[in-house]
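Asker: Next up is a structure, given as structure tokens.
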Amino acid sequence: NTYADVEYLATLYEEALAEPDVIGLSIGTRPDCVSTQVLDLLVSYQKRGYEVWLELGLQSAFDHTLERIQRGHGFAEYQQAALATRQRGIPLCTHLIIGLPGEERWHNLETLARVLELGVEGLKLHALHVVKHTILAKQWRQGHYQPLEMSTYVSIAADMIERTPPDIVYHRLTATAAKDILLTPTWCHKKWVVLNAITAELHRRNSQQGGKE
């Protein structure tokens, strides 16, 4: 990540790049933890011939959702970080979550539209996980949050894929938390089942990535 002084980050990145089989860096971080100095450091690695990606965990473009899930930043911080990243020519991968509390299908599609408007080279999707020892776990047990069914997730993911230009890389279409902490949805453990279901849904629609740009 990038949550440290740039001098300390440089020592960590250099240690990773010193490994003979490492050809680049993929840095996953928060939109509010991307300084000008960090971006300049990443550019320096590009100039040395390394592959560099910056991954930003946005999750939603709606500030009321980000506040509800206590992200600690808003869409403005993402916008600033994304534009600064792209201005330097660093490939950007944005993380989005489907099934956040209070959000419906149209929220996911609008979030995607806002991200695409700013520009992005990659995307990662997954369903919201309810894990042990969290506020969300308590809300779920009390009946205040209902996780998505797999069929709903698959349908929304397919909608988003259809609206994504084909030159943008989907680095991830599903994910799961560790089995010892995941409470729900348990279908997240079946990654290939989810991936195959998304593929089948696109075939059923006779569609593909970019089919509804």
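Asker: Consider Thr94 carefully, then state whether it is buried (at least 21 other Cβ atoms within 10 Å of the Cβ) and assigned to a helix (DSSP H, G or I).
Answerer: Spelling it out, it is not the case that Thr94 is buried (at least 21 other Cβ atoms within 10 Å of the Cβ) and assigned to a helix (DSSP H, G or I).
Asker: Going by the structure shown, is Thr164 among the β-branched types (Val, Ile, Thr), over 28 Å from Asn1 (Cα atoms), over 13 Å from the mean Cα position of the chain (by Cα) and at pLDDT 95 or above?
Answerer: Here the answer is no, as Thr164 does not meet what is asked.
Asker: Of the residues that sit in segment 135-162 and are of a type in the set (Val, Ile, Thr) and touching a strand residue (DSSP E or B) at 6+ places or on another chain (Cβ under 9 Å), which one is surrounded by the fewest Cβ atoms within 10 Å (Cβ to Cβ)?
Answerer: Thr152
Asker: Now for a different question. Across segment 19-32, what is the number of residues that are assigned to a helix (DSSP H, G or I) and touching a strand residue (DSSP E or B) at 6+ places or on another chain (Cβ under 8 Å)?
Answerer: Residues flagged as assigned to a helix (DSSP H, G or I) and touching a strand residue (DSSP E or B) at 6+ places or on another chain (Cβ under 8 Å) within segment 19-32 amount to 1.
Asker: Take the residues in segment 63-91 that are assigned to a helix (DSSP H, G or I) and open to solvent by less than 40 Å² (accessible area, probe 1.4 Å), then tell me which one is farthest from Ile27 (Cα to Cα).
Answerer: Thr65
Asker: Let me confirm something: among Ile135, Ile156, Ile181, which residue is in contact with a Lys or Arg (Cβ under 8 Å, 6 or more places away or on another chain) and more than 27 Å from Ser207 (Cα to Cα)?
Answerer: Among Ile135, Ile156, Ile181, only Ile181 is in contact with a Lys or Arg (Cβ under 8 Å, 6 or more places away or on another chain) and more than 27 Å from Ser207 (Cα to Cα).
Asker: Follow-up. When both residues are 6+ apart or on different chains and their Cβ atoms are under 8 Å apart, which pairs have a first residue that lies in segment 134-160 and is over 30 Å from Gly211 (Cα atoms), and a second that is open to solvent by 20 Å² or more (accessible area, probe 1.4 Å) and part of a helix (DSSP H, G or I)?
Answerer: Close Cβ pairs satisfying both conditions: Tyr145/Leu136; Tyr145/Gln139; Gln146/Trp140.
Asker: Show the residue pairs meeting these rules: Cβ distance below 9 Å; 6+ apart or different chains; first residue within segment 33-58 and assigned to a strand (DSSP E or B) and surrounded by fewer than 13 Cβ atoms within 10 Å (Cβ to Cβ); second residue of a type outside the set (Lys, Arg) and at pLDDT below 95.
Answerer: none
The values are calculated or read from the model by the stated rules, or taken from the named source; none is laboratory data. Not measured: the values here are computed from a predicted model. Virtual Cβ from ideal backbone geometry, glycine too; neighbours counted across all protein chains shown. Accessible surface areas use protein heavy atoms only, side chains included; no ligands, DNA or RNA. Shrake-Rupley method; radii C 1.70, N 1.55, O 1.52, S 1.80 Å.
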